[in-house]
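Below is one structure, written out as structure tokens; the observations come after it.
The values are calculated or read from the model by the stated rules, or taken from the named source; none is laboratory data. Since the model is a prediction, treat every value here as computed from it, not as a measurement. Using ideal geometry, Cβ is built from the backbone for each residue, glycine included, and neighbour counts are taken over all protein chains shown.
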Amino acid sequence: MQRSALTLISLFWSAHVWATSAMDADALAACNAPGFQTVLQAAPARPAAPPDASPTPQAVWLNRNLLQWPQAQPQGSFKLFYSGRGQLQVEVGKAAAGFDGFVTLAVAPGALPEALATRFKYVKPGVVLGLPAGTQPPLAELLRQQVLVAQVDAQGIVTQVAATQLAGALDDLYAAAGQEPQLGATPLKATTRFKLWAPTAHTVTLCDYPNATADASRAVALQRDAATGIWHAELPDAGQGHYYTYLVDAFVPGVGLVRNRVTDPYSVSLNADSKRSYIADLNSPALKPAGWDRHNRPKALAAQVDMTVYELHVRDFSLQDASVPEAHRGKYLAFTHTASNGMRHLRKLAQAGITDVHLLPVFDLATVPEQGCVSPTIATPEPGDSTAPQAATQAVAATDCFNWGYDPFHFNAPEGSYAPDAQDGAKRVIELRRMVMALHTAGLRGGMDMVYNHTTASGQVERAVLDRTVPGYYQRLDALGNVERSTCCDNTATENLMMAKLMLDSVELWTRHYRMDSYRFDLMAHQPREAMVALQKRVNQAAGQHVTLIGEG
């Protein structure tokens, strides 16, 4: 009997080890796969809406307890259906199917609390629904699944159905995440600590690459902190010089349960074309040019009116300057050639009263190939008003070497196309710092053009690093759940806790680790005033003096 019990235990353990090994192998294969996403369980096809149907506004979570459904009327009953693998089939005129369970919601009495009414004043009137106390599974678990709210008649037939927008609930449930001092990869003495905020994920796995191009050597499951929604791990032998990505398994509305391979939204550097995040300690002597610790930033201006700005594009500054070595033209290092035509000109501007050089975006941008980009050769045809030059330029606009830079990819990392070796995540950090030192030595303050009001993409697009990490959270949505594009591109929702945190953490990083002296914010009116006031305080503390902020309306 005892031997049988031991045999049974051994069989169970062997099965567990086999299953774990199989999952590890699957994860490692996903780390090295050519594609960036795998649909683990596709969502059922959605029925086509009748031609004369009006789009249904989505219901908006106000906090962990309340859900406001615009235009809905308090009739019948309201149910929140959920499915862990995204298989809901909830259609008007039919009984719901494909659900793991549902929660019955009650119409909330009285007016909204003032703070909620103010934050969500853009949400049109409708019914406010309350989640019953003690709901099981708890809302934190429900929001990791597919969720639909439905109005149901006495016979159980759906009369109206809508998806939900989850930012208000996530901000309430995971408010503690806003106080987390270090997201991203943090090298320690013997290990590297990884932290990724992904509260709706089913699982998160770290892919560890020994260098910029080799296959991943291991895939390590991260642990989830229930209070913050942060996934974390500490790994030995994954220090500076290694690269990493994450596999995030999460429900994506309209797609299903998806495994997304993403770079870190808090990346401080990357390899070429931003395929992998780079592990770096920005305080490491190995990433500091000679004299960095000894050189001081210029003093703060006595008053705002003393500021005179010269806006400059890193590539345009030196691309055609024959006095700069060819390998450094259009690069950060062009600024280190003090005898070049460009640097002599900048010193003259400083002597004439220019105080700040504002660099068009030098954070990681999405639309310039960082290796092998080709600038078109533009002939000058006859007659002079020919459209041929414009046509030749437009034909390669998506793949040539130039872009203004207003297409953010990773807010905390230097752009790689301005470094001669974009594959090495260390070099761009060092070279950007050398550029800042050169500006300071020339008597100029260094400033950056910051673009936190939008991202280059959203949804299941490879460059949509934020939206693929926490689907539906970082972008500003309209009433129907479409991403707002009033900025030109895919708006970010800096009114949401963790998008505002990303912005504040990012500007503090540039101030502390690159000694930037001033900032110009693109379309600053798209950011809440409260966030900008908090940002001003943060950067002043990081710099030890006042940092000038200017904003486009």
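Each residue in segment 280-315 was checked for being free of Cβ contacts under 8 Å to residues at least 24 places away in the same chain and surrounded by 12 or more Cβ atoms within 10 Å (Cβ to Cβ), and 0 pass. Counting the residues of segment 51-86 that are in contact (Cβ under 8 Å) with a residue 60 or more places away in the chain and under 30 Å from Val39 (Cβ atoms) gives 18.
The residue of segment 146-163 that is farthest from the chain's Cα centre (by Cα), among those that are under 21 Å from Gln475 (Cβ atoms) and buried (at least 22 other Cβ atoms within 10 Å of the Cβ), is Val149.
The residues of segment 361-379 that are in contact (Cβ under 8 Å) with a residue 24 or more places away in the chain and either under 14 Å from Trp404 (Cβ atoms) or among the polar types (S, T, N, Q) (or both), listed by number, are Pro361, Val362, Phe363, Leu365, Ala366, Thr367, Val368, Gln371, Ser375.
So, in segment 326-362, of the ones that are hydrophobic (A, V, I, L, M, F, W, C) and within 19 Å of Asp306 (Cβ to Cβ), which residue ends up surrounded by the fewest Cβ atoms within 10 Å (Cβ to Cβ)? In this case the residue turns out to be Ala352.
A search for C-beta distances below 7 Å between a residue of segment 225-245 that is of a type in the set (Val, Ile, Thr) and any residue that is part of a strand (DSSP E or B) and buried (at least 16 other Cβ atoms within 10 Å of the Cβ), counting only pairs 6+ apart in sequence or on different chains, returns Ile230/Lys195; Ile230/Leu196; Ile230/Trp197; Thr245/Cys207; Thr245/Arg261; Thr245/Val262; Thr245/Ser277.
Each row is one residue, and each column tells you yes or no for (1) crowded, with 17+ Cβ neighbours inside 10 Å; (2) out of contact with any Cys (no Cβ under 7 Å at 6 or more places or on another chain); (3) modelled with pLDDT under 95.
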position	(1), (2), (3)
Asn211	no, yes, no
Asp215	no, yes, no
Asp225	yes, yes, no
Ala233	yes, yes, no
Asp237	no, yes, yes
Tyr244	yes, no, no
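Checked against the criterion of being at negative phi, surrounded by fewer than 22 Cβ atoms within 10 Å (Cβ to Cβ), in contact (Cβ under 8 Å) with a residue 24 or more places away in the chain and hydroxyl-bearing (Ser, Thr, Tyr), the candidates Thr118, Thr135 yield just one match: Thr135.
Looking across segment 363-398, just one residue is surrounded by 13 or more Cβ atoms within 10 Å (Cβ to Cβ), over 28 Å from Tyr310 (Cα atoms) and within 29 Å of the chain's Cα centre (by Cα), and that is Val396. Among the residues of segment 496-509, are any outside the structural domain of Tyr244 (by TED's automatic domain parsing), under 16 Å from the mean Cα position of the chain (by Cα) and farther than 19 Å from Val268 by Cα? Yes; the residues of segment 496-509 include at least one that is outside the structural domain of Tyr244 (by TED's automatic domain parsing), under 16 Å from the mean Cα position of the chain (by Cα) and farther than 19 Å from Val268 by Cα.
Scan segment 451-463 for residues that are touching a residue at least 12 places away in the same chain (Cβ under 8 Å) and either surrounded by fewer than 24 Cβ atoms within 10 Å (Cβ to Cβ) or over 22 Å from Leu359 (Cβ atoms) (or both) and the total you get is 7.
Quick check: is even one residue across segment 401-420 closer than 25 Å to Ala327 by Cα, of a type in the set (D, E, K, R), more than 23 Å from the chain's Cα centre (by Cα) and outside the structural domain of Cys373 (by TED's automatic domain parsing)? The answer is no; no qualifying residue exists.
Every condition in (1) surrounded by fewer than 21 Cβ atoms within 10 Å (Cβ to Cβ); (2) of a type outside the set (S, T, N, Q); (3) in a loop (DSSP other than H, G, I, E, B) is met by Arg512 except one, and the failing one is (3).
Picking from residues in segment 87-109 that are part of a loop (DSSP other than H, G, I, E, B) and free of Cβ contacts under 8 Å to residues at least 24 places away in the same chain, the one that is surrounded by the fewest Cβ atoms within 10 Å (Cβ to Cβ) is Pro109.
The residue that is nearest to Asp225 (Cα to Cα), counting only those in segment 164-185 that are in contact (Cβ under 8 Å) with a residue 40 or more places away in the chain and not in a helix (DSSP H, G or I), is Tyr174.
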